[in-house]
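Here is the structure we will look at.
The values are calculated or read from the model by the stated rules, or taken from the named source; none is laboratory data. Just so it is clear, the model here is predicted, and its values are computed rather than measured. Cβ placement follows ideal geometry from the backbone for every residue including glycine, while neighbour counts extend to all protein chains displayed. Side chains included, ligands, DNA and RNA excluded: accessible areas come from the protein's heavy atoms. Shrake-Rupley method; radii C 1.70, N 1.55, O 1.52, S 1.80 Å.
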Amino acid sequence: MHILVINGPNINMLGIREPDIYGKSTYADLCDVIKNKADEMNITVELFQSNHEGSIVDKIQEALGKADGIVINPAAYTHTSVAILDALKAVQIPTCEVHISDVNTREDFRKISYVGMYAEKTIAGYGFDGYIMAMEYLKEKYGK
Ligand code: DQA
């Protein structure tokens, strides 16, 4: 099984940005957590982070026929991007949405998720563990 893990804008600033909300660990730490878990689960992962909406759309399109599942934290694009929603709907790859923070208990604008209109599961508020939970969900349901 191959899973594509996509992180959106400012996730590369983990460890620096708002540590009270997102913690002190870095994006490199997050990548290590995901790669170690993938090895343990006997699956392959590709990690992708971009601050650009179109690059994320391109990456989703390129995953067609390659990825068996997508784990995505669209970050701020969660709340704005019809383009990312449409790309996911186009490729029809099983998708889990992840947020490090609990978006439902923050500002009202964070309660709207376009990606959540396609994702079969949303995990929010579990920090880095949310990515692991999403990988386990996809492996359980679609693993081969
Ligand atoms: C986030 C939550 C978003 O509202 C925010 O814009 C982010 C990160 C999270 O992981 O908690 O950049 O997706």
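Assessment of segment 63-77 against the conditions (in a helix (DSSP H, G or I), open to solvent by less than 70 Å² (accessible area, probe 1.4 Å) and among the β-branched types (V, I, T)) yields no matching residue. Taking L30, is it within 17 Å of F128 (Cα to Cα), among the aliphatic types (A, V, I, L, M) and either in a helix (DSSP H, G or I) or free of Cβ contacts under 8 Å to residues at least 12 places away in the same chain (or both)? Here the answer is yes, as L30 does meet what is asked. Screening segment 123-138 for residues that are open to solvent by 50 Å² or more (accessible area, probe 1.4 Å) and of a type outside the set (D, E) and picking the one that is nearest to the ligand (Cβ to nearest atom) gives Y126.
Of all the listed residues (V45, V57), the sole one being among the aliphatic types (A, V, I, L, M), part of a helix (DSSP H, G or I) and either open to solvent by 70 Å² or more (accessible area, probe 1.4 Å) or in contact (Cβ under 8 Å) with a residue 24 or more places away in the chain (or both) is V57. Residues that are open to solvent by 30 Å² or more (accessible area, probe 1.4 Å), within 13 Å of the ligand (Cβ to nearest atom) and within 16 Å of H52 (Cβ to Cβ) within segment 78-109 comprise just one, T80.
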